[in-house]
1. Counting only DSSP beta bridges with both residues in the chain, tell me the antiparallel percent, nearest 5.
2. Could you go through the stretch 86-91 in sequence order and give the Karplus-derived ³J(HN,Hα) for each residue, using 6.51 cos²θ - 1.76 cosθ + 1.60 with θ = phi - 60°, rounded to whole Hz, and x for Gly and Pro?
3. Over the chain, with a Gaussian network built from C-alpha contacts below 10 Å, which listed residue (VAL73, VAL114, VAL84) shows the highest mean-square fluctuation?
4. Taking a ≥ b ≥ c as the square roots of the Cα gyration tensor eigenvalues, with a/c under 1.5 meaning rounded and otherwise prolate when a/b beats b/c, else oblate, which class fits the stretch 3-162?
5. In nm, to one decimal, how far is the modelled label at LYS99 from the one at SER151, with both set 7 Å along Cα→Cβ?
6. How far apart, in nm, are two points set 7 Å out from the Cα along the Cα-to-Cβ line at THR81 and at ARG110?
7. Quick one: order VAL136, VAL91 from most to least accessible surface, probe 1.4 Å.
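The values are calculated or read from the model by the stated rules, or taken from the named source; none is laboratory data. These numbers were taken from a predicted model, which means no experiment stands behind them. When we count neighbours, we look across all protein chains shown, and the Cβ atoms used for this are built from the backbone with ideal geometry, even at glycine. Surface accessibility is based on the protein's heavy atoms, side chains included, excluding ligands, DNA and RNA. Shrake-Rupley method; radii C 1.70, N 1.55, O 1.52, S 1.80 Å.
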Amino acid sequence: MGKYFFPDLVLSSFLDLDRAMLLQRGIRGLVFDLDNTIVRRDASFLSPAADLKLRDLLAGGFRVAIVSNNGSVRVSSLAGTLGVPYVSRAVKPFGAGFKRAMRLTGTGRRETAVVGDQIFTDVLGGNLLGLYTILVRPLPGREFIGTRLISRPLEKLVLARLGGRDNEGPEGGVLRAGKR
Ligand SMILES: [Mg+2]
């Protein structure tokens, strides 16, 4: 199985992102997936915890952008409430959306992390560009039918190789030590 499917780090939730750990790895820019990563796909507002966490990261000096394959007005309105730039209809895993996001954050490949809930869009796309990739457990909620019927069963195969999304080590599950 290709190394491009394996994230650098697995977390239960983006709420577990640790500022010091990110800085230690040289990460200055965070490119977040939207649906089922920072907000449920069927929700129009960030949870208070998610809102607080994103504001904490921004206050910590991280440059943040949202990159979503979704094209709905939700993307712009959620990004707008945080005051962060976004790329919608990003066509992940293809790289154009991530590259646009990095122009918006002003961070280079080696200092940018992708945070998302899907291997075949977020992790694969980030890895193909040489970004640091962080896989999170999807938030509960309705999913796009293609995600549910095709991507999730394939992800299970990859996750089985990883030992599962819940198999977190002391640092929150470092899977590919030495990738960088
Ligand atoms: Mg997602």
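1. Antiparallel: roughly 5 percent of the beta bridges in the chain.
2. 8, 10, 9, 6, 6, 6
3. Among VAL73, VAL114, VAL84, the largest mean-square fluctuation in the Gaussian network model of the chain belongs to VAL73.
4. rounded
5. 2.2 nm
6. It is 3.8 nm.
7. VAL91, VAL136
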